[in-house]
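Enquirer: Here you go, one structure.
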Amino acid sequence: MSTLFTPVNLGALTLPNRIVIAPMCQYSSQDGNANAWHLMHLGQLAFSGAGMLITEATAVEADGRISAQDLGLWSDANEQALASTLAAVRQHSAMPIAVQLAHAGRKASVIPPWLGGQLRPSAAGGWRTWAPSPLPFSPGNEAPLALDAAGLKRIRDAFAAAAVRAARAGFDAVELHAAHGYLLHQFLSPLSNRREDAYGGSLENRMRFPLEVFEAVRAAFPPARPVGARVSATDWVAGGWDLAQTTVFAAALKARGCDFLDVSSGGLSPQQQIPLSPGYQVPFAEHLKKEVGMPTIAVGLITEARHAESIVADGQADMVALARGILYDPRWPWHAAAELGAQVDAPPQYWRCQPRELKSLFRDARQG
């Protein structure tokens, strides 16, 4: 039996298999609202047969968007648009769907990647960004505004309010974005956090605000629904955030009720040096799974079914997440199940497409 296609529990939520669709920004909303593009995008992924789908980074306030075209959950209109999209998808798919709640901090106000992806300064149609310290992401960028006590409270409350909206909209889980150089990661790393108050300096102080945000989200989201976190295990820069510090942070998250850890890396500094290769981040997930004992997701250049199978079968991680690979092949879980001799959920309208030699490949995706 394929381990990749066995169920896994995240708190009280059971995933039918261990394939997760990672959050992927679409840069396609207006005023933070989901629209027809998101219905088409999420709808096709909900037919993929994966165990869980995590929506793109969804901003908790307008200034926290990565781009002006990002999804949000700071308003009634945002909530209504996402709730409508989820309801439409769920008419035909029982796949668990999570939302990634995020604030981009000093990496906000960028233009879409197909237009260059650069940070857009406030004088050129962007907006002034927020960060732990007034340090720009790279030389030449506009310096962010350092958050004061009122700003910290505003953003902490915004995360909690977004979690309430996510619950009302019907999301099955929340993933808190503390990776890829965005605001919570900026507090964690000594490269971006130079504060001299209770939120800067020591590791305990640098973890303080991300942990306060996690506690606020966990308290605001229904206890029976899981809340996890995405982390960057290392900055890939000497003197920056690293695996040892991530291990301490992960243990603190677990103590506060974190249900899963999604393990990525990098994104904080343009000085990063990342040795890319298939599964290059898997050792980070393996270390955190062993040391912290929390359900763990491995991600990063995992593109082959047998590679994914070996990661979970060998106990390196509990789940694997795909991003660009599943955009390229939205039926990746179908093909992986066929290769590994497993079954996958699919809508009955598609059952007749399976090759004759794979006539037992599909299960009824309508069954929750």
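Enquirer: For residue 299, which sequence-distant residues (separation of 5 or more, or a different chain) have an amide H within less than 5 Å of its own amide H, given hydrogens modelled in the peptide plane?
Expert: Excluding prolines and chain starts, which carry no amide H, the hits are 263, 321.
Enquirer: Relative contact order of the chain, please, whole-number percent, based on alpha carbon pairs below 8 angstrom and at least 6 residues apart.
Expert: This gives 18 percent for the chain.
Enquirer: While we're here: Once both axes come from the Cα atoms, what is the angle between helix 203-220 and the longest principal axis of the chain, in degrees from 0 to 90, rounded to 10?
Expert: It works out to around 50 degrees.
Enquirer: Can you list the residues, at least 5 places off or on another chain, whose amide H is less than 5 Å from the amide H of residue 68, using H built in the peptide plane?
Expert: 110
Enquirer: While we're here: Would you tally the net charge around residue 185, using a Cβ to Cβ cut-off of less than 11 Å, leaving residue 185 out, and scoring K and R as +1, D and E as -1?
Expert: With Lys, Arg at +1 and Asp, Glu at -1, the net is +3.
Enquirer: Relative to the longest principal axis of the C-alpha atoms of the chain, give the angle of the C-alpha long axis of helix 282-292, reported between 0 and 90° and rounded to the nearest 10°.
Expert: Orientation of helix 282-292: about 80 degrees from the principal axis.
Enquirer: Kindly identify the chain as rounded, prolate or oblate by the Cα gyration tensor criterion: order the square roots of the eigenvalues as a ≥ b ≥ c, call it rounded if a/c is under 1.5, otherwise compare a/b with b/c, prolate if a/b is larger, else oblate.
Expert: prolate
Enquirer: Further question: Multiply the residue separation of residue 329 and residue 314 by 0.36 nm, subtract the distance between their alpha-carbon atoms, and state the gained length in nm to one decimal.
Expert: Stretched fully, the residue 329-residue 314 segment lengthens by 2.9 nm.
Enquirer: For residue 345, which sequence-distant residues (separation of 5 or more, or a different chain) have an amide H within less than 5 Å of its own amide H, given hydrogens modelled in the peptide plane?
Expert: Hits under the 5 Å cutoff: 363.
Enquirer: Same structure again: Take the residue pairs 107/254; 107/153; 107/289 and return only those whose Cα atoms are more than 22 Å apart.
Expert: Among 107/254; 107/153; 107/289, the Cα-Cα distance tops 22 Å for 107/254; 107/289.
Enquirer: Got a sec to turn the phi values of the range 32-39 into Karplus ³J(HN,Hα) couplings, 6.51 cos²θ - 1.76 cosθ + 1.60 with θ = phi - 60°, whole Hz, x for Gly and Pro?
Expert: x, 8, 5, 9, 4, 4, 5, 5
Enquirer: If we count every other residue with Cβ under 14 angstrom of residue 154's Cβ, Lys/Arg +1 and Asp/Glu -1, where does the sum land?
Expert: So the environment of residue 154 carries a net charge of -3.
Enquirer: Also, I was wondering about something else. Around residue 51, with a cut-off of 10 angstrom between Cβ atoms, what is the net charge of the other residues, counting Lys and Arg +1 and Asp and Glu -1?
Expert: 0
Enquirer: Considering only 37, 130, 114, give the residue with the highest GNM mean-square fluctuation for the chain, with springs between Cα atoms whenever their separation is below 10 Å.
Expert: 114
Enquirer: Who wins for biggest fluctuation among 16, 283, 275 in a Gaussian network model of the chain, springs between alpha carbons below 10 Å?
Expert: Result for the chain, Cα springs under 10 Å: 275 fluctuates most.
Enquirer: If you place +1 on the Cβ of every Lys and Arg, -1 on the Cβ of every Asp and Glu, and leave all else neutral, what size is the dipole of the chain about its Cα centre, to the nearest 20 Debye?
Expert: Dipole about the Cα centre, nearest 20: 340 debye.
Enquirer: What angle do you read, to the nearest 10 degrees and between 0 and 90, between the alpha-carbon axis of helix 76-90 and the longest principal axis of the chain?
Expert: It is inclined by approximately 20 degrees.
Enquirer: What aspartates and glutamates sit close enough to residue 290 to cross-link, taking a C-alpha to C-alpha distance under 18 Å and skipping anything fewer than 8 places away on the same chain?
Expert: Here the aspartates and glutamates satisfying the reach criterion relative to residue 290 are 242, 259, 262, 314, 318.
Enquirer: For the range 58-135, taking Cα atoms only, what is the radius of gyration to one decimal and the Dmax to the nearest whole Å?
Expert: 15.0, 47
Enquirer: Let me ask something additional. Considering only DSSP beta bridges where both residues belong to the chain, give the percentage that are antiparallel (nearest 5).
Expert: Counting DSSP beta bridges with both partners in the chain, the antiparallel share is about 10 percent.
Enquirer: Per residue of the range 351-361, what does 6.51 cos²θ - 1.76 cosθ + 1.60 with θ = phi - 60° give for ³J(HN,Hα)? Whole Hz please, x for Gly and Pro, Karplus curve as stated.
Expert: Karplus values, whole Hz, x for Gly and Pro: 4, 6, 7, 5, x, 4, 6, 10, 5, 9, 5.
Enquirer: In whole Hz, with x marking every Gly and Pro, tabulate ³J(HN,Hα) for the range 177-191 from phi via Karplus 6.51 cos²θ - 1.76 cosθ + 1.60, θ = phi - 60°.
Expert: Rounded to whole hertz, the list is 8, 10, 10, 6, x, 7, 3, 5, 5, 4, 5, 6, 7, x, 6.
Since every read-out is calculated from the coordinates, none of them should be taken as a lab result. None of the values given here were measured: they were computed from a predicted structure. Note that we place each Cβ from the backbone using ideal geometry, even for glycine, and neighbour counts take in every protein chain shown.
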